[in-house]
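This report refers to the structure that appears directly beneath it.
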Amino acid sequence: MLFRSLDEADVDLNPRIGLTYIKRGEQPLVLTPGKNVKYYIGGTLNSRTGKVLYAHGPRKNSDLFIDSLHVINNAYRRAKIIHLVLDNYINHKSGKSKKALETFGGRIQLHFLPPYSPEHNPIERLWKQMHDHVTRNHRHKDMLSLWKDIVRFLSDRSEEHTSELQSHLNL
């Protein structure tokens with residue numbers, strides 16, 4: 001039995017503006033490339049191991065959710081049942097999503113959080129860290145370079161949790 005949390009996050013080429021450290025009297029330069037470009041990530045987090053899996057795409061819709069389910073299914077072929085903790089976003093309950101879930105033969109089971117309770121979904125903390133460290137006040141001129149930093153962040157984060165767990169377990 002395997003438990004994972006699942007959620008989607010928005011990635012905008014126009015940076016999120018937020019607090020940052022600056023020296024007194026200096027003004028940081030934050031680039032705004034003009035027309036915003038949006039991209040989306042559907043990720044899952046194994047709270048026990050810290051392993052991050054994700055799918056991505058140009059729309060935050062049922063297809064992104066279904067792609068995330070396939071990524072999880074392929075990564076955990078040996079698991080008999082995969083339990084996903086997620087919010088009540090409409091794409092998670094759409095007819096298309098329900099039909100896709102049936103193709104997994106009950107192997108992937110969804111557990112919905114109460115409405116308006118993102119603090120109960122561990123992956124929300126990962127998205128906050130991603131925005132804090134990558135997308136806030138960034139200086140990327142195109143989505144490809146921003147996306148590379150996001151992939152690097154997620155990879156580093158997953159490896160960091162794995163090594164923390166290994167040292168904790170003395171592996």
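The values are calculated or read from the model by the stated rules, or taken from the named source; none is laboratory data. None of these values were measured; they are calculated from a predicted model. Cβ: placed from backbone, ideal geometry, glycine included. Neighbour counts: every protein chain shown. The accessibility values were calculated without ligands, DNA or RNA, using every heavy atom of the protein model including side chains. Shrake-Rupley method; radii C 1.70, N 1.55, O 1.52, S 1.80 Å.
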Scan the stretch 14-24 and tell me whether some residue there is touching a strand residue (DSSP E or B) at 6+ places or on another chain (Cβ under 6 Å), surrounded by 11 or more Cβ atoms within 10 Å (Cβ to Cβ) and modelled with pLDDT of 90 or more.
no
Kindly indicate whether SER158 is surrounded by 15 or more Cβ atoms within 10 Å (Cβ to Cβ) and among the small types (Gly, Ala, Ser).
yes
Number of the condition not met by SER145 [criteria: (1) farther than 22 Å from LEU19 by Cα; (2) in contact with a His (Cβ under 8 Å, 6 or more places away or on another chain); (3) free of Cβ contacts under 8 Å to residues at least 24 places away in the same chain]:
(2)
Among the numbered conditions (1) under 23 Å from ARG48 (Cβ atoms); (2) within 13 Å of the chain's Cα centre (by Cα); (3) open to solvent by less than 80 Å² (accessible area, probe 1.4 Å), tell me where HIS83 comes up short.
(2)
Number of the exception - ILE82 against (1) within 30 Å of LEU29 (Cα to Cα); (2) touching a Phe, Trp or Tyr at 6+ places or on another chain (Cβ under 8 Å); (3) not hydroxyl-bearing (Ser, Thr, Tyr):
(1)
Cβ pairs under 9 Å, 6+ apart, first in the stretch 107-119 and of a type in the set (D, E, K, R), second part of a strand (DSSP E or B)
ARG107/ILE82
So, in the stretch 30-59, of the ones that are of a type in the set (Lys, Arg) and closer than 21 Å to SER5 by Cα, which residue ends up modelled with the highest pLDDT?
ARG59
Which ranges mark the strands (runs of 3 or more DSSP E) fully within the stretch 1-95 that have 3 or more residues being basic (Lys, Arg) and without any contact (Cβ under 8 Å) to a residue 60 or more places away in the chain?
none
Counting only residues that are in contact with a Gly (Cβ under 6 Å, 6 or more places away or on another chain) and open to solvent by 20 Å² or more (accessible area, probe 1.4 Å), how many does the stretch 53-69 have?
1
(1) open to solvent by less than 30 Å² (accessible area, probe 1.4 Å); (2) touching a strand residue (DSSP E or B) at 6+ places or on another chain (Cβ under 7 Å); (3) part of a loop (DSSP other than H, G, I, E, B) all hold for PHE104 apart from (2)
